[in-house]
1. Filter segment 77-94 for residues that are closer than 23 Å to residue 124 by Cα and without any contact (Cβ under 8 Å) to a residue 12 or more places away in the chain; which is surrounded by the most Cβ atoms within 10 Å (Cβ to Cβ)?
2. If residue 170 satisfies every condition in (1) touching a helix residue (DSSP H, G or I) at 6+ places or on another chain (Cβ under 6 Å); (2) exposed (fewer than 15 other Cβ atoms within 10 Å of the Cβ); (3) within 23 Å of residue 35 (Cβ to Cβ) but one, which is the exception?
3. Please count how many residues of segment 128-158 are in contact (Cβ under 8 Å) with a residue 40 or more places away in the chain and more than 24 Å from residue 178 (Cα to Cα).
4. Could you say which residue among 182, 204 is modelled with pLDDT under 95, at negative phi and out of contact with any strand residue (DSSP E or B) (no Cβ under 7 Å at 6 or more places or on another chain)?
5. Could you tell me whether residue 142 is modelled with pLDDT of 95 or more, touching a strand residue (DSSP E or B) at 6+ places or on another chain (Cβ under 9 Å), under 18 Å from residue 193 (Cα atoms) and crowded, with 21+ Cβ neighbours inside 10 Å?
6. Could you check how many residues of segment 61-88 are assigned to a strand (DSSP E or B) and farther than 18 Å from residue 32 by Cα?
7. Restricting to segment 178-195, and then to whatever is more than 17 Å from the chain's Cα centre (by Cα) and more than 19 Å from residue 133 (Cα to Cα), can you tell me which residue is surrounded by the fewest Cβ atoms within 10 Å (Cβ to Cβ)?
8. So which residues in segment 97-118 are farther than 27 Å from residue 53 by Cα, touching a helix residue (DSSP H, G or I) at 6+ places or on another chain (Cβ under 9 Å) and in contact (Cβ under 8 Å) with a residue 40 or more places away in the chain?
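The values are calculated or read from the model by the stated rules, or taken from the named source; none is laboratory data. This one's a predicted model, so the numbers in the text were calculated from it and none came from an experiment. Counting neighbours? That spans all protein chains shown, and the Cβs are built from the backbone with ideal geometry, glycine included.
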């Protein structure tokens, strides 16, 4: 593990939102979930605590369904096909469903996203530069969707990147493993325990 400079490092929590993870959220109500995703909050909470203790940043991305007339959300055709249960009120701006789960609160910086990548048509890059953040540690969901797309966009923007191999998950274990393998060509790969140890070391040095 490369030495970290916490003041310029952020843990990026990709879409760890109530509508994805809480039993009363949009996915929970529809019976959509898996053990790998359900295991993430406890692991990432330890990384987040170590990041805060070391003096680093917590950045949260929030998938958002923008409401149109009458509150009906704009939903991309591919998402309508994949997740036909999504509807009015789900992932709505400012809603409890859109919010970061309690186990990982609070975030220092938050950004709404309307596509897989949190950099797409958002203020994320501007915020990271204003905060002086140069290194991004990624965890969240899903590995082959929002995580991978945001990591690749961070790479072309020349951020230093590490992906937490057991701090991300997908609905398919095969999709998760193959994505981690492909991301290893542009990113460091670490476990949550290794990252906690590195952050604890940086805090005590």
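1. Initially, segment 77-94 is screened for residues closer than 23 Å to residue 124 by Cα, giving 79, 90-94.
Now restrict to residues that are without any contact (Cβ under 8 Å) to a residue 12 or more places away in the chain: 79, 94.
Numbers: 79: 14, 94: 9.
My answer is 79.
2. Checking residue 170 against (1) touching a helix residue (DSSP H, G or I) at 6+ places or on another chain (Cβ under 6 Å); (2) exposed (fewer than 15 other Cβ atoms within 10 Å of the Cβ); (3) within 23 Å of residue 35 (Cβ to Cβ), the one that fails is (2).
3. Residues that pass the stated criteria total 5.
4. Numbers: 182 fails: modelled with pLDDT under 95.
The conditions single out 204.
5. No: the conditions fail for residue 142.
6. Result for segment 61-88: 4.
7. Restricting attention to segment 178-195, the residues satisfying the condition of being more than 17 Å from the chain's Cα centre (by Cα) are 178, 181-182, 184-186, 193-194.
Filter once more, keeping what is more than 19 Å from residue 133 (Cα to Cα): 178, 181-182, 184-185, 193-194.
Numbers: 178: 14, 181: 11, 182: 14, 184: 12, 185: 7, 193: 14, 194: 16.
Taking the candidates together, the pick is 185.
8. Step one: list which residues in segment 97-118 are farther than 27 Å from residue 53 by Cα, which gives 97, 113-117.
Checking which are touching a helix residue (DSSP H, G or I) at 6+ places or on another chain (Cβ under 9 Å) leaves us with 97, 113, 115-117.
97, 113, listed by residue number.
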